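Asker: Sharing a structure below in structure tokens format, with a few things to ask.
The values are calculated or read from the model by the stated rules, or taken from the named source; none is laboratory data. All of these numbers come straight from a predicted model, not from anything done at the bench. Cβ placement follows ideal geometry from the backbone for every residue including glycine, while neighbour counts extend to all protein chains displayed. Keep in mind that these areas ignore ligands, DNA and RNA; they rest on the heavy atoms of the full protein, side chains included. Shrake-Rupley method; radii C 1.70, N 1.55, O 1.52, S 1.80 Å.
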Amino acid sequence: MFDCGEGTQRQMQRSLGLTQVDEIYLTHFHADHILGLPGLLKTYDLTDRELPLRVFGPPGLLDLFAILKPIVGRLHFAVELTELGPGDAVAHDGYEVQAFEAAHSVRSNGYALVEERRPGRFDLEAAKRLGVPEGPAFAALQRGEEVEGGSGPVRPEDVVGPHRPGRTVVLTGDTSPSPATVAAAADAELLIHDASFAEEEVQRAAETGHSTVGQAAAVAREAHVKMLALVHISSRYHVGKVLEEAQDVYEPTVAPKDFDIIEIPFAEKGYPELVPNGARDRGGSGTASTEPPAVREGEAVPEPPPTEPPRSS
């Protein structure tokens, strides 16, 4: 889960159910990004959670939890806190979450989910032509090992294509347009970017450490992402109109609503696709997609933004 705003539990219940997440990544510590934490932690405690919960955030995370401790009280499961600075990464099976510096009014992280590159395609017919016996020898070639064929040694490059890239998803949190975001999102499948203001309020965006929709689109264009998802749009704007503003700058732009899903296939299988209300439709039915895992903006979506973005943000 990325950020945990007020209403997180409610939105979980309305879509995926009360998911026992194992990691929470906080972009920064403004109230609209962390107010859901105390309630979620207490609910997990009341449901007899035993597995530890890992929480990551920029420097200051330990101080935040010291402040929250009297509110949350004693928990019967471990909460493991890790402060991440730009360039730090959290390794997972097949991918890692990389932190980069966002340009907000306080110390903030953006996060990039970066998959490892995948092995090239195995050419079964070529292997057979070279006399490689099926079974362990095929697996050895895919691991990069040389094997014996019908007429001599067969090298992996004889039957395995070039490595294929994994997918990358980048989430900025609250931020002004920044070179660090462009670098983190270079050629990414999806960039989820702050778009708090319309273009006529570019000065206010700069003063508060946010972006206009046009600035977000310009970052996406410079980074050559496959899809831009605009978030943190003030409710005083007509989303359709600000989306048009962004699409004038960068056409593959969407503005997801609560419970929408963005499905991200591997590069050779196509482009990201917005699935309206997908978290509810699939979460409620219990059916699973046959596509690669969907990426949701935040896993649980906070309350709709106030009439104006908080002046402290």
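Asker: I'm checking a number: the convex hull volume of the Cα atoms of the stretch 187-251, normalised per residue, in Å³. What is it? List each step's numbers first, then the result.
Answerer: Values: hull volume 4.8 nm³, N = 65.
Once divided by residue count, the hull of the stretch 187-251 is 74 Å³.
Asker: Here's something else I'd like to know. Could you tell me which trypsin sites (Lys or Arg not before Pro) in the stretch 85-182 are loop residues by DSSP with no more than 11 other beta carbons within 10 angstrom of their beta carbon? It would help to have the intermediate numbers written out before the result.
Answerer: Details: sites: Arg107, Arg117, Arg121, Lys128, Arg129, Arg143, Arg167; in loops: Arg107, Arg117, Arg121, Arg143, Arg167.
When the trypsin sites (Lys or Arg not before Pro) of the stretch 85-182 are filtered for loop state and at most 11 Cβ neighbours within 10 Å, Arg117, Arg143 remain.
Asker: A further question follows. What are the extents of the Cα atoms of the stretch 62-172 along their three principal axes, listed from largest to smallest and rounded to whole Å?
Answerer: Its Cα atoms span 72, 36, 16 Å along the three principal axes.
Asker: In addition: How big is the Cα convex hull of the stretch 130-209 in projection, averaged over all directions, in nm²?
Answerer: Numbers: hull surface 31.6 nm².
Mean projected area for the stretch 130-209: 7.9 nm², to one decimal.
Asker: Extension gain Arg107-Glu244, at 0.36 nm per residue separation less the Cα-Cα distance, in nm? All intermediate terms of the calculation are to be shown ahead of the outcome.
Answerer: Details: separation 137, 0.36 × 137 = 49.32 nm, distance 3.12 nm.
Here the segment from Arg107 to Glu244 would lengthen by 46.2 nm.
Asker: Rounded to the nearest 0.05, what FRET efficiency do Ser151 and Phe266 give with R0 = 41 Å and r taken as the Cβ-Cβ distance? Could you check?
Answerer: Details: r = 34 Å, r/R0 = 0.84.
The computed FRET efficiency comes out at 0.75.
Asker: If I model a spin label at Arg221 and Glu201 as a point 7 Å from the Cα along the Cα→Cβ vector, what separation in nanometres do I get?
Answerer: Output for this residue pair reads 2.3 nm.
Asker: Return the equivalent ellipsoid semi-axes of the chain as a descending list in whole Å, where each equals the square root of 5 times an eigenvalue of the C-alpha gyration tensor. Before the final figure, lay out the partial values.
Answerer: Values: eigenvalues 298, 126, 69 Å².
With the √(5λ) rule applied to the chain, the semi-axes are 39, 25, 19 Å.
Asker: Using Cα pairs closer than 8 Å and at least 6 residues apart in sequence, work out the relative contact order for the stretch 98-234, in percent.
Answerer: 25
Asker: Looking at the chain, send over the antiparallel percent of its DSSP beta bridges, to the nearest 5.
Answerer: In the chain, DSSP labels about 55 percent of beta bridges as antiparallel.
Asker: Just the number please: accessible area per residue for the chain, 1.4 Å probe, all protein chains included, in Å².
Answerer: Working: 15270 Å² over 313 residues.
I get 49 Å² per residue for the chain.
Asker: For Ala31 and Glu273, what is the calculated FRET efficiency with R₀ set at 30 Å and r taken between the beta-carbons, to the nearest 0.05? Present the calculation step by step, with values, prior to reporting the outcome.
Answerer: Working: r = 33 Å, r/R0 = 1.11.
That pair, Ala31 with Glu273, gives E of 0.35.
Asker: A further question follows. Alpha carbon centre of the stretch 196-270 versus the stretch 95-169: separation in Å?
Answerer: With the stretch 196-270 and the stretch 95-169 each reduced to a Cα centre, they are spaced 33 Å.
Asker: Continuing with this model, one more query. Within the chain, how many Lys pairs that are eight or more residues apart, or on different chains, come under 30 Å at the alpha-carbon? Each step should come with its number before you reach the end.
Answerer: Working: Lys42/Lys69; Lys42/Lys257; Lys128/Lys269; Lys226/Lys241; Lys226/Lys257; Lys226/Lys269; Lys241/Lys257; Lys257/Lys269.
So the count works out to 8.
Asker: Also: Between Leu68 and Arg54, what length in nm is gained on full extension when 0.36 nm per residue of separation is reduced by their alpha carbon distance?
Answerer: Working: separation 14, 0.36 × 14 = 5.04 nm, distance 1.58 nm.
Stretched fully, the Leu68-Arg54 segment lengthens by 3.5 nm.
Asker: Per residue of the stretch 96-112, what does 6.51 cos²θ - 1.76 cosθ + 1.60 with θ = phi - 60° give for ³J(HN,Hα)? Whole Hz please, x for Gly and Pro, Karplus curve as stated.
Answerer: Result, ordered by residue: 9, 9, 9, 8, 9, 7, 8, 9, 10, 7, 9, 4, 9, 10, x, 9, 10 Hz.
Asker: By how many nm would the segment from Arg280 to Ala91 lengthen if fully extended, with 0.36 nm per residue of separation less the alpha-carbon distance? Before the final figure, lay out the partial values.
Answerer: Values: separation 189, 0.36 × 189 = 68.04 nm, distance 2.95 nm.
Separation in residues times 0.36 nm, less the Cα-Cα distance, equals 65.1 nm.
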